[in-house]
Structures are given as structure tokens and as C-alpha cells.
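The values are calculated or read from the model by the stated rules, or taken from the named source; none is laboratory data. Just so you know, these numbers come straight off a predicted model, no measurement behind them. Because the Cβ atoms are built from the backbone with ideal geometry, glycine has one as well, and the counts that use them run over all protein chains shown. What goes into the accessible areas is simple: the full protein's heavy atoms, side chains included, and nothing from ligands, DNA or RNA. Shrake-Rupley method; radii C 1.70, N 1.55, O 1.52, S 1.80 Å.
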Amino acid sequence: MTDVRYPFTAIVGMADLRLGLLLNAVSPAVGGVLVRGEKGTAKSTMVRALAGLLPSIAAVDGCRFSCDPAAPDPQCPDGPHTSLGSHERPSQLVELPVGVAEDRIVGSLDLERALAEGVKAYEPGLLAKAHRGVLYIDEVNLLQDHVVDLLLDAAAMGRSYVEREGVSVRHAARFLLVGTMNPEEGELRPQLLDRFGLTVEIAATRDPAERAEVVRRRLAYDADPAGFAARFAAEERELAEHITAARELLPKVELTDVALRQITAVCAAFEVDGLRADIVMARTAVALAAWAGRTEVLEEDVRKAAQLALPHRRRRNPFDAPGLDEEQLDRTLEEHAQPEDPEPEPEGDGPEPEGDGPGPDGEGPDGGPDGGGPDGGGAPEPSDGGTPEASAPEDAEAPAQPPVPAQHPAPARESAPVAAGDPYRTRLFTVRGTGHGAQGRRSPAETSGGHTIRARRPQGPLSRLHLTATLQAAAPHQVARGRDGRALVLHKDDFREQVRQGRESNLVLFVVDASGSMAARQRMTAVKGAVLSLLMDAYQRRDKIGMITFRGAGAELALPPTSSVEVGAARLESLPTGGRTPLAAGLLRAHEVLRVERLRDPNRRPLLVVVTDGRATGGRDALAQSQRAAALFAAQGTASVVLDCESGPVRLGLARTLAGLLGGSAVSLDELRAEGVASLVRENRSASRSVSRSVNRSTTAMRKAA
């Protein structure tokens, strides 16, 4: 392995990612950048290369928190800094591993020394190390939510807080935050996405020449890293000098009223939540102007700032992909490109005669787009190659259109995919017992968060001291240990740690019946809407999901277990129906998938969701085979739910029989809705009150009659 970083200027293409990183290097107040892209696109390589371009910093001698000699942190745990001896050092790149613990991020207290010696021994964490440098989080979407919240809070406030067992430590933590992620492995929650200043989407180039150049440079770097870096040394120095110059120019850049109004108008037009987008866009536009060597923000800066700061803030629900309507952006910028008080029209020109169309640019006399539109009085003209129908008179009869044929299944045994119904809030299904899986929001589990339920002897390094239990364990032995001072005499066996109970995420495996018995359009629309609702519930509870479909001759693993619920929603949308009902094949495939997943992640407990009407076809003993397959899950104690899709006046109850064989419960489509359950309870309560009132009235009447 070599310590020579791949040069930033040697990376081919990816202009938006390059610009987003450089803007944050110029102005860390932009708020960092989230890099979204497929695997193998040099995301990590470019981030690591950026650290070599950042200017070196001056740090106070002996300070573990990299305090600036020009403005030392008054709350620095290593302070106060009376003698300000300093030294120059390069900006640091701190990488955060996926499985990092909270104590490693914010730092930890040596609790044994605190109790036994009465001293506050604080060990700084990664946030202190990243101060005035770069904090890089690879696969940020795989971090636990509370860890991401902690990081983003520190990045927003510029300070880290540690509050543990009555000891309070705080220190400065200002850094350039960069996160990378592969959307196929799951999305970040919209609240967390919003905390990143900029987002850049990248993908590997499809140009063979560019791909060849990427491979050529990588092979040259692997063969001789130092020699390869020397080839780009001059370009690296020039880019580093450009960053320094832009930083110096940044305070002199003016954000004009017109540019500010364009920024706020764009954010309002795209209906982003809150005002963080406006602030980020303003800071980004200023950084763009400084990078271009200008002291005034122009419309092109606002446009580019919107393209970097708004796409990830446009998501309205968990299944929306980030994006931005470029036409709407240009239209909004044009509408607010002039000062609020435009110059008065020149006198002497008479009113425009009726019927005059727009000018050569398609605009009215005042520069607006209303000269020849529906309100401008003139006949509209086709634009951008418009068809004759677009400019035909309104009262002209449209040509007769052939009737649209009704949609029927093309082949005899398969129906075209139908759209899913609107999603809704569902009931909460949990796994029985207490687990030990990753933190989430579904089933009870022992976690690092949550409330304390008991104490136990430490299992590994002591991290969450249970103070009361520790004192109780040590108190009976103080005389025998010869205590003669104020400090307790503690032995290692006295320490107890907290056991906390919270909630975990699970693996929700869907087994969906896509056979001909489910092919009725209204029925399949409702079924897909139900599964989509359960997918959204899994997203909100941070579960992994998988999907198996069975129809025709067998079962198919439509979606291997993943954290990307968006992919599951897309697969569900394109799911066709038709053919026989090989229920046993679907259950056996699910059993095999869960067996493999137990080997990969033993702590993640599964929840099986079977979506079917309970019918089984494909042979004489198809139903018996499905019942034997269901017994396998019951024998292993797998938590299961059967979504009963049977409809019609005559029902066989096969789905509920299947649920009993699985050892789980059966829920109809109507019972799946959370509001449906609540309304049922309200109706029962209302009926009970009505009955009580009737009984009371009858009793009163009888008493009066007596």
C-alpha cells in the first residue's frame, strides 16, 4: 500500500462532483456535499484527493483539538491557552467507518479513572480530530440514524457536546462534511438529506474513449504512484492556489437584491420545506462567484447553485427520486431577473393595436411572455416545431380519434402490470420477543439507545456505566478493602453497565401471489397499494426488505434483501400477473432466502409477509405441499403475517388456514389500514355508549311506571 494520494486533477470527467467539492473547500459554510452514485465511480478517490489541495493550518502546540492560535476556543478542554506557541500542519482527512460507535465519534470518558481516582479523563473522538479538516463518511446511508443525526448536528453548530454521567465537555468541531452513498443500498431519510448542503449525482461515463483514459491513468498510478503524482504536481499546485485565492475573495463578494430575490423565488417555486435551502443556495452562489474571480453574484451562479442545492430537497415522499425541472428553473429565474421597480415605459408611443403578436423573441411589448398567449389578444403561433393542431382555432372540431380498446391480457395467461393504489398508514407488525439487531423502529430489542431496563456485568469494554448498580456492588466491600479516604475502593468486578431497550429494524420478506387468481384489475390495484403501504412502513422503520413473487411454473426472487425500498416499489409497479398459483414454491423460496440471511446477519430477525388468497394450484397435492412448506416456518418460530386478499361473497378461508399453519396471523385488506382499526374501536365505543344510554332510559322508564 502507498501513502501517495491519487491526484485530484488526474480524475477524468465528473465536473459537478469536482465543482461541489471545490465550493465546499472555498466555503465550508455551504454545509458539505452528499455524493450519490453507483459503485465503482471513484467517489472515494476524489474525496481523498481533495484533502491534499486544502491549505495547511496553524494549530496551538499541545492542543488535541487543533485550536487556531489567532482565535483559540475559549471552551477548549485543553485550554485555556495562555502561551500560544503554534505549528503548521496539513489539513486532515478523517474517515468514519460504517460500524463506528457513538463514543468513538464524540469521544469518551474514562469512567474507571473518574470513579476510582476522582479525575475527569476525556479522550477526544473523531469530531475533534476532524476540526478544521475534512470528515469523510463512506456509505453514509448505512450508518444508524442517531449517528447521522449526531454528525449533522455537529456540522451545523460547529461544536460537539458530550454529556455523560454528570460530566460535560464541549469543543469546536468545524469541518468539511462529505458523504458518499450508493442509492441501491437504501436512501437517507428526507430530514437527513436536507442537512447536506449540496448533492451531486454521478454515474460512470458511457464514452469508450473516456473509459479507456480512466483505465490508462489508474494502471499508471498503480505501477508508479509517486511518478504518476509528479506528472500532475503543477496542476495540483495551481488548483490549490485557486482555492486559496477564492477563500480570500469570498468576503468581498456581494449578493445583490436581484440575486437574492431569484434565490428565494426559486425555492418558493419548487416548494422546498423550510428556509435551509434558501440559505444554502445563497452561500453556494457566493462561493461560485468567488471561484469565478468575481465580486458580484450573477444569474448563472444562482442557476448552478439551484442545480446543486435543490434536487435532493424536492422529494415529496420516500419513493421519489431526486430531481429538478430545468424549464421551471429557467422560467422562475427569468421572471425575477429585473429589479422590483422597473423603469417606466417611454412616453409618446400609442397603445398597441389589438391583434399584434409577440416580438421576435416571443415576448410582449413590456418584455413579458403575454404578448401572444391566451391573454394577449393575438392568435397563438406554434413554437419549437409545434403541430398544426396546437395553433388551430378553439372552435374547430378535432379530428375523430379511433376508440381506445379496452386493456385485456395480451397472452392468455398473463395480464399487463396495473398501477398500485394510493399508499396509506398501516398497522404495526412486530416480531415477538426481544432482539439484538440494528437500531430501528419496529420490534423490541436491546440497543445502545432507549430506556434502561436493568444492569449487568460488562460484556467487553465498559461504555454505559450503571452508577447505582456499581455503587451497590462495591459498597459491602469497602471495610474489607481498607477504605480510608473519600474515594471509593473499586475493583473491576464491581462495575455494572446499563442494559437499554429500544427498537430494532427487521428483515421484512414479502411473498406476493401474482397468479391468475389475483389478476382482476381492481383487486390487484388494491393488493399493490397494500404492499406499497407496507413498503413505506418498512422504509420509515429502517427495515431491510426482500420480495419473492410466484406465478406460473415457479417462484422468483424479484428483490434480494436490501435497504433500498425504492427499488422494491419499482419492482412492485412492474409486476405482471397470470398463470397458476405455485404457493408451495413461493414459500420454499422464502425459506431458502431466510436461511441464507441468517448466516449473513444472525442478529437481524425476519418478518414474513405472505400476500395471497390462500389458493394453491399446479398439481393434485398443491395445497398439501403448501401446508407442509408453511410448517417449516412454524417449526423455526419465524414471525409471519398473511395478508388475506380473498374477496367476493363466497370465501373459502384458505389464507387464514395458511396463517395458522405458519404460526402467524391473518389480516384482510380492510383490516390493514391503521385508521380502519382506530375507527373500528371508535365505532365499538360509540355503540357501547348507545347501548348504555338505551339501558339507562329503559331502567328509568320502568322505575317511573312502578
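Within the accessible area of region 122-171, what % is carbon and sulfur when the probe is 1.4 Å and the other protein chains stay in place? Carbon plus sulfur share of accessible area: 46 percent. The simple Förster model, with R0 at 51 Å and r as the Cβ-Cβ distance, assigns Gln472 and Thr264 a FRET efficiency of 0.30. Averaged per residue, region 138-279 has 50 square angstrom of accessible surface, using a 1.4 angstrom probe with ligands and nucleic acids left out. Measuring nothing but alpha carbons in region 505-556 and taking Rh as the Kirkwood radius, the Rg to Rh ratio lands at 1.03. Subtracting the Cα-Cα distance of Arg598 and Asp422 from 0.36 nm times their residue separation leaves 60.0 nm of extension gain. Close amide H partners of Val642, meaning residues 5 or more places away or on another chain with modelled amide H under 5 Å apart, are Val610, Ser665, Ala666, Val667. Packing order of peptides 295-301, 467-473, 508-514, 123-129, highest average first: 508-514, 123-129, 295-301, 467-473 (average count of other Cβ atoms within 10 Å over each peptide's residues). Our estimate of slack between Asp257 and Glu335, defined as 0.36 nm per intervening residue step minus the Cα-Cα distance, is 26.6 nm. For region 231-277, the share of accessible area belonging to carbon and sulfur comes to 52 percent (1.4 Å probe, ligands and nucleic acids excluded).
Over 23 Å apart: what share of the alpha carbon pairs of region 225-324 falls there, rounded to a whole percent? Counting pairs separated by more than 23 Å, the tail of P(r) holds 41 percent.
Per residue, the accessible area of region 462-587 comes to 38 Å², computed with a 1.4 Å probe over protein heavy atoms only. Shown is the FRET efficiency for Glu446 and Lys39, computed with R0 = 45 Å from the Cβ-Cβ distance and rounded to the nearest 0.05: 0.85. Straightening the chain between Glu88 and Gln636 buys 191.1 nm, computed as 0.36 nm per residue apart minus the Cα-Cα spacing. What is the distance in Å between the Cα centres of region 136-151 and region 544-583? Result: 30 Å between the Cα centres. Express the Stokes-Einstein translational diffusion coefficient of region 410-566 in µm² s⁻¹, to the nearest whole number, given a Kirkwood radius over alpha-carbon pairs, 25 °C and a viscosity of 0.890 mPa s. Rounded, D is 124 µm²/s.
Accessible area per residue was computed with a 1.4 Å probe on protein heavy atoms; Val479 scores about 140 Å². Peptides 14-21, 618-625, 490-497 ordered by packing proxy, namely the average of other Cβ atoms within 10 Å per residue, highest first: 14-21, 490-497, 618-625. Packing order of peptides 190-197, 172-179, highest average first: 172-179, 190-197 (average count of other Cβ atoms within 10 Å over each peptide's residues). Taking all protein chains together, Leu428, Leu669 sort by accessible area into Leu428, Leu669, largest first [probe 1.4 Å].
Averaged over its residues, region 598-679 has an accessible area of 49 Å² per residue, based on protein heavy atoms and a 1.4 Å probe.
Running Debye on region 557-674 with equal point scatterers at the Cα sites and no solvent, what base-10 log of I(q)/I(0) appears at q = 0.12 Å⁻¹? Log10 I(q)/I(0), no solvent term: -0.47. When the alpha-carbon atoms of region 121-230 are used, the pair Rg, Dmax equals 18.9, 61 angstrom. Ranking His131, His451, His242 from most to least accessible surface, computed with a 1.4 Å probe over the protein chains only, gives His451, His242, His131.
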